[in-house]
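Novice: Just passing along the structure, written as structure tokens.
The values are calculated or read from the model by the stated rules, or taken from the named source; none is laboratory data. The structure displayed is predicted, hence computed values, not measured ones. Because the Cβ atoms are built from the backbone with ideal geometry, glycine has one as well, and the counts that use them run over all protein chains shown.
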């Protein structure tokens, strides 16, 4: 990962933009004449249960292909935390036809590139390639889903890679360190409590058996959704899917995650002391899973509080009080009830408590009085523009469609979302502010610099 | 998702999560994006960080690296396999403003990208960050709007406006829905033509910038390239921090900002590209109405000190006492964005260090597991920018990883690259090219940058044939000429007490600096 989870963009963005689309479809397309491009999607479910979504776009001779597996760190257990992510790495390290190193070499020499990411909920594989490589990519994807191999030497060297990744993205970043502690404190029962990259001691100790078990658990074709956007036709994609993917047998999906996080009944606080130039503050609130109806109102609320320099939190902490360099809100798509995070980067010499107090006052303001009409409209305009930014590339569309399909259960929920989104009222915003953003429901994490006095050499 | 003052982040999901397969490009780590996936607000050459994974407060810390891949951030291909730059028009208004118009009707949005031909290189000595601060203040108060009103107006239409400075130029970018074109253009012109630079806003911005530098120093990977540029150019030219440092930012006065603006922000010194969903004839008229009254006058030329490659082997060790991992950059002066060898270098560097199966990544990551990744790049700017190899590894393996990187470089010289590698690199470059010019925002930044550099549409139209035209002989020459073996500058950020004994041997001269000490590298005392 390039960024710590906390810092990274999450799929929520995708949603945000899609939601905005709905507003567009509902009211604006008509004035936008030819620009109101639509993105028809063809779907097919293979006999083994894998679902394929195809969205054709011939504007560039390229293709974006995303494969979403519904398996992530929530499907892990203590002792093997980080295994989903490690496994994601191993998916590039050799199968039957394309041995170690051959997947990347073959793909790149045919003009393609790839990547993958793992979250608490899903593992997603991405291929970007010229259309001439379409069949090759299906061959490669089929090979590794069907016949992944586990070379003991590769496991050991990849262990070093992931440890380096962890040091770079978590241990070497203040946000990474604090974010990890925050999740571990806010959750006491549910698997969301451990980091996606895994605890270092687990990275050092998982075994080949663990990997094999993970493959068997998470990688049934029926547990995957593939989304293709770009210079292809549904017919050719479906034919290739039938040839390369359909023969792969299906098996049981991961066992359901049955642990429910008990309701939090009082504020939790934690402090991290480390060498740092500046302190850091993060506040987490438990909120429902992605497909909960409050999703839309929560996003509107976040826009009003955090989006743009005219947002309430920016105006208050950065512009007026001048106690923070930056304020942000973060959340991630989730199958289970999750966290919504507020972050403030205090200025040097500012007590994080001052930022905390200002944040609570802004939350209380939201709870005690309805937002202005213009603020509500602004939030919706933001999301409309963001939506277009998301869908204007084949890459963005592949990701967007897949995210809807996986987290809302159906990519067409897009249209319900439009309706739900424009239906958000000032009262809804006030209600969710009261319901989820109380003191009892929050976990507060503060990073305190240990060396503030030293500084100068 | 992050919502901060970047608002519009691209959500390129491959950089989003715990657990990417691969290392992002180091320049991306420094907050620079190659924009392959069409993010909106990035500014050319002087990327604004708020959209990247970094906190917005770190926007001043960017090293000015552009990728080799990024200079070519064109591509095209409307339906056909043949890459073609979309038709666009150049108009010079009576006041001297150069306007580039490109119609692109994919989504109902309009993108604006502009360059003012003076950046950090025009900062007076000791006032590094002046150009950047001037740009940052454009939206912080105009003749008719307070900073808060400007933010309210641009946010209300879901638009973006950002401005910053790189070394070569200052730049601004905006984006809005096409239904809001009139409002959007008016906001851009208001910021560009009528800023008032209120003292209170200046004080705020500078204080944030100073703290932003400090916050960035909490993450070695976020600042390693700042130190590298400083050390490589010995604190001159591209070696001066365009975003300023803890000392220089404190010396910036309002008078200097006003003077910088008055001198350089003139229509004749500005290039404005507008792309997206509009009728070009109507847009031309609107631009004339909005920007035509901007009074023209001559701007002074920016003097640039010529840099030359460093001699021998020299090493800067930046101490970060709590580091568990060492970040290192090795290289020397590279090439300019218009260097005739740039295409051949692109092909060779793809083999050497700029893709997953590159020689460097194969060695340091795939085969040894020493690092999450290793890469190399040439930063392409108006004058020769840095060439750099970059990786990171745990403290104990620092010496070993650097030796390995040097070994890979040596092998590039002794073994050259094979016909197969050459062919593979060409396919890779060509295959990855079209998505770099998929959106109107990408196209706006591309054409305005070409105009600035004096490059033409053949950068796109002849792209494939130029790549295909790179011969093994050319590759050989490029390796000998542009991949230095003997004369190397090393910059490491890590825990000195553990790594210094391992790394002294790499250079004849070793300098040291505390990461928390103000500044980056301002030249030997």
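Novice: For residue B:211, are the conditions met, namely being within 12 Å of chain A (Cβ to nearest Cβ) and free of Cβ contacts under 8 Å to residues at least 40 places away in the same chain?
Specialist: Details: within 12 Å of chain A (Cβ to nearest Cβ): yes; free of Cβ contacts under 8 Å to residues at least 40 places away in the same chain: no.
Criteria not met by residue B:211.
Novice: Against the conditions (1) surrounded by fewer than 24 Cβ atoms within 10 Å (Cβ to Cβ); (2) more than 30 Å from residue B:384 (Cβ to Cβ); (3) touching a residue at least 40 places away in the same chain (Cβ under 8 Å), where does residue B:183 fall short? Just the number, please.
Specialist: (3)
Novice: To continue, here is another question. Condition test on residue B:391, is it closer than 30 Å to residue B:505 by Cβ, within 12 Å of chain A (Cβ to nearest Cβ) and under 21 Å from the mean Cα position of the chain (by Cα)?
Specialist: Yes; evaluated as a whole, the condition is true for this residue.
Novice: Under 9 Å between Cβ atoms, at least 6 apart or on separate chains: pull out the pairs that start in the stretch B:403-415 with a residue that is closer than 17 Å to residue B:474 by Cα and end on any residue that is outside any helix (DSSP H, G or I).
Specialist: These pairs meet every condition: B:412/B:483; B:412/B:485; B:413/B:483; B:413/B:485.
Novice: Please go through the stretch A:404-439 and pick out each residue that is at pLDDT 80 or above and over 23 Å from residue A:304 (Cα atoms).
Specialist: Result: A:404, A:405, A:406, A:407, A:408, A:409, A:410, A:411, A:412.
Novice: Would you be able to say whether some residue in the stretch B:196-212 is closer than 25 Å to residue B:308 by Cβ and in contact with a helix residue (DSSP H, G or I) (Cβ under 8 Å, 6 or more places away or on another chain)?
Specialist: No; the residues of the stretch B:196-212 include none that is closer than 25 Å to residue B:308 by Cβ and in contact with a helix residue (DSSP H, G or I) (Cβ under 8 Å, 6 or more places away or on another chain).
Novice: Within the group B:380, B:370, B:360, which residue is over 15 Å from residue B:493 (Cα atoms) and within 11 Å of another protein chain (Cβ to nearest Cβ)?
Specialist: Selected residue: B:370, the only one of B:380, B:370, B:360 that is over 15 Å from residue B:493 (Cα atoms) and within 11 Å of another protein chain (Cβ to nearest Cβ).
Novice: So residue A:325 fits all but one of (1) crowded, with 23+ Cβ neighbours inside 10 Å; (2) more than 24 Å from residue B:210 (Cβ to Cβ); what number is the exception?
Specialist: Answer for residue A:325: the failing condition is (2).
Novice: Where residues in the stretch B:324-348 are in a loop (DSSP other than H, G, I, E, B) and modelled with pLDDT of 95 or more, which of them is nearest to residue B:483 (Cα to Cα)? Full working, then the answer.
Specialist: To start, the set of residues in the stretch B:324-348 that are in a loop (DSSP other than H, G, I, E, B) comprises B:324, B:334-341.
Narrowing further to those that are modelled with pLDDT of 95 or more: B:334-341.
Values: B:334: 8, B:335: 11, B:336: 14, B:337: 16, B:338: 18, B:339: 15, B:340: 16, B:341: 12 Å.
Among them, the one singled out is B:334.
Novice: Right, next: If I ask for residues that are more than 14 Å from every other protein chain (Cβ to nearest Cβ) and over 20 Å from residue B:483 (Cβ atoms), which ones from the stretch B:394-404 would you list?
Specialist: Listed by number, the list holds a single entry, B:399.
Novice: Quick check on my filter: what residues within the stretch B:119-154 are more than 22 Å from residue B:290 (Cβ to Cβ) and outside any helix (DSSP H, G or I)?
Specialist: If the condition is that a residue be more than 22 Å from residue B:290 (Cβ to Cβ) and outside any helix (DSSP H, G or I), then B:119, B:123, B:124, B:125, B:126, B:127, B:128, B:129 are the ones that fit.
Novice: Related question: Among the listed residues B:301, B:306, which satisfies the condition of being at pLDDT below 95 and out of contact with any helix residue (DSSP H, G or I) (no Cβ under 9 Å at 6 or more places or on another chain)?
Specialist: Only one candidate passes the filter, namely B:301.
Novice: So residue A:58 fits all but one of (1) under 26 Å from residue B:83 (Cβ atoms); (2) out of contact with any helix residue (DSSP H, G or I) (no Cβ under 8 Å at 6 or more places or on another chain); (3) outside the structural domain of residue A:209 (by TED's automatic domain parsing); what number is the exception?
Specialist: The number of the failed condition is (3).
Novice: Any idea how many residues of the stretch A:164-192 are assigned to a helix (DSSP H, G or I), surrounded by fewer than 22 Cβ atoms within 10 Å (Cβ to Cβ) and more than 7 Å from chain B (Cβ to nearest Cβ)?
Specialist: Within the stretch A:164-192, residues that are assigned to a helix (DSSP H, G or I), surrounded by fewer than 22 Cβ atoms within 10 Å (Cβ to Cβ) and more than 7 Å from chain B (Cβ to nearest Cβ) number 5.
Novice: Next up: Could you go through the stretch B:492-505 and let me know if any residue there is within 14 Å of chain A (Cβ to nearest Cβ) and out of contact with any helix residue (DSSP H, G or I) (no Cβ under 7 Å at 6 or more places or on another chain).
Specialist: Taking every residue of the stretch B:492-505 in turn, at least one turns out to be within 14 Å of chain A (Cβ to nearest Cβ) and out of contact with any helix residue (DSSP H, G or I) (no Cβ under 7 Å at 6 or more places or on another chain).
Novice: Hey, another quick one. With (1) buried (at least 21 other Cβ atoms within 10 Å of the Cβ); (2) assigned to a helix (DSSP H, G or I); (3) at pLDDT 95 or above as the list, and residue B:215 as the residue in question, which single condition is left unmet?
Specialist: Condition not satisfied by residue B:215: (3).
Novice: Counting just the residues of the stretch A:205-217 that are in contact (Cβ under 8 Å) with a residue 60 or more places away in the chain and not in a loop (DSSP other than H, G, I, E, B), which one comes out surrounded by the most Cβ atoms within 10 Å (Cβ to Cβ)? Steps first, please.
Specialist: Kept after step one, since they are in contact (Cβ under 8 Å) with a residue 60 or more places away in the chain, are these residues of the stretch A:205-217: A:205-206, A:210-212, A:214-215, A:217.
Narrowing further to those that are not in a loop (DSSP other than H, G, I, E, B): A:205, A:210-212, A:214-215, A:217.
Values: A:205: 13, A:210: 19, A:211: 18, A:212: 13, A:214: 22, A:215: 17, A:217: 20.
For the stretch A:205-217, the residue satisfying everything is A:214.
Novice: Is it true that residue B:147 is within 14 Å of chain A (Cβ to nearest Cβ), in contact (Cβ under 8 Å) with a residue 24 or more places away in the chain and under 26 Å from residue B:301 (Cβ atoms)?
Specialist: No; evaluated as a whole, the condition is false for this residue.
Novice: For residues in the stretch B:155-169 being surrounded by 21 or more Cβ atoms within 10 Å (Cβ to Cβ), over 13 Å from the mean Cα position of the chain (by Cα) and not in a loop (DSSP other than H, G, I, E, B), which is farthest from the other protein chains (Cβ to nearest Cβ)?
Specialist: Among them, the one singled out is B:163.
Novice: Kindly list the number of the only condition in (1) at pLDDT below 95; (2) in a loop (DSSP other than H, G, I, E, B) that fails for residue B:221.
Specialist: Condition not satisfied by residue B:221: (2).
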